[in-house]
């Protein structure tokens, strides 16, 4: 990509597309969405899941591998990455600069997803969708990429799916990501369910701070409560199914003690820069109810030295 006057990005190579149309994704099946050779950049991953997909519409796992690496560069369940867990009762769509989600209660559970974080590759790329549930789903997918020279970075990530959700006591910290080397933290999704509490106290776990330190132990970034991380206030004031250029908020429900949110750190800050590694930690919050949580943290790994 290059830029014209005003910073408008324009392509330097034509887009290419891998498509799947109306394909059945059976329980336990892995569907290859794209298997690319050579070098380029993935620009878009789009997934639509038809009505009747059941849990597969939210628990299916998207994974991307580049340059023949094992294991994959990153993997995430759709409901955590795109903040649609617990949002099945909504009939809404929400977006930020690099992602989009939509759920259709009236459409029998249909869902749609799009991710546009650039994913450079130098020696091939493979995009797959795995259905770990007992529900079959009908899917339509589109992976758009180009053959322009890739940037010297690799998109990688760490995650815990909602199926493998983690219990976090109020007095315990939890490391969400700990990449080595130099790079930028680009994306963070969190889905949580409180174990106790009523009213606002049911979402007391949103009072936890996110703290990031670099390889030297110096503070790189710190927030004042989780809803502040995602650019909002007071537990989103009951709003759900909405987005901004920098964040996505799905279900926020005190009766079920749940909240689902994502922040596009690449859009908001140009990423959280780190050198010599990064440790992104969800800090303890005494007297806040223990909670269950899944998450996705995506970061760009720097592959070559940057100009001084």
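The set of residues from the range 226-236 being within 17 Å of residue 257 (Cβ to Cβ) and surrounded by fewer than 17 Cβ atoms within 10 Å (Cβ to Cβ) comprises just one member, 234.
Step by step: first the residues of the range 235-254, then only those that are touching a helix residue (DSSP H, G or I) at 6+ places or on another chain (Cβ under 7 Å) and not in a strand (DSSP E or B), then the one that is farthest from residue 188 (Cα to Cα). Which residue is that? The selected residue is 254. Of all the listed residues (190, 155, 185), the sole one being surrounded by 21 or more Cβ atoms within 10 Å (Cβ to Cβ), more than 24 Å from residue 125 (Cα to Cα) and under 18 Å from the mean Cα position of the chain (by Cα) is 190. Within the range 255-283, if we keep just the residues that are in contact with a strand residue (DSSP E or B) (Cβ under 9 Å, 6 or more places away or on another chain) and assigned to a loop (DSSP other than H, G, I, E, B), the residue that is surrounded by the most Cβ atoms within 10 Å (Cβ to Cβ) turns out to be 257. Exactly one residue out of 94, 162 is part of a loop (DSSP other than H, G, I, E, B), within 20 Å of the chain's Cα centre (by Cα) and closer than 17 Å to residue 250 by Cβ, and it is 162. For the range 59-90, residues that are part of a loop (DSSP other than H, G, I, E, B) and either over 23 Å from residue 230 (Cα atoms) or within 17 Å of the chain's Cα centre (by Cα) (or both) total 14.
Counting only residues that are crowded, with 21+ Cβ neighbours inside 10 Å and either outside any strand (DSSP E or B) or free of Cβ contacts under 8 Å to residues at least 40 places away in the same chain (or both), the range 40-58 holds 4 of them. Criterion applied to 133, 83 was being over 30 Å from residue 12 (Cα atoms), crowded, with 18+ Cβ neighbours inside 10 Å and touching a strand residue (DSSP E or B) at 6+ places or on another chain (Cβ under 8 Å), and the one residue passing it is 83.
Rule-based calculations on the coordinates, nothing more; no lab input. This one's a predicted model, so the numbers in the text were calculated from it and none came from an experiment. Note that we place each Cβ from the backbone using ideal geometry, even for glycine, and neighbour counts take in every protein chain shown.
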